[in-house]
Amino acid sequence: MRYVLLLLTLLTAGFSVWYYQNRISPEGKELAAQKTTLEQEAAILEKAVIQSRKKLDDTQDATRAAEEDIERFQQAYLQQKRQQHQEIHDADYQKAWLTSRKK
């Protein structure tokens, strides 16, 4: 009988400890609800950050492409100007050479 009472006492104590550790108070329920809300908002913000990063990457790629296009245009423009300058210089040289031969 003593062992039965001792066993019941231990079981009661164990159940009490388990119950109070796992019991959710009204404050705990409120905190759990707030935690759930914050986790949902964090997930939404994380998606927004991912989308923003993707847009930023796309914008940076477009900017790089535009800069490369501008650089190619500038090179073509400078090459065209050099060619025009060379043609003018060659024409002047030829004109001067022909003028000096006639004399």
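Those residues that are open to solvent by less than 80 Å² (accessible area, probe 1.4 Å) and at pLDDT below 95, I need them from region 59-103; list them, please.
Matches in region 59-103: Gln84, Asp90, Ala91, Ala96, Thr99, Ser100.
For region 12-28, check the following and say yes or no: at least one residue is within 43 Å of the chain's Cα centre (by Cα), part of a helix (DSSP H, G or I) and hydroxyl-bearing (Ser, Thr, Tyr).
no
The values are calculated or read from the model by the stated rules, or taken from the named source; none is laboratory data. This one's a predicted model, so the numbers in the text were calculated from it and none came from an experiment. Side chains included, ligands, DNA and RNA excluded: accessible areas come from the protein's heavy atoms. Shrake-Rupley method; radii C 1.70, N 1.55, O 1.52, S 1.80 Å.
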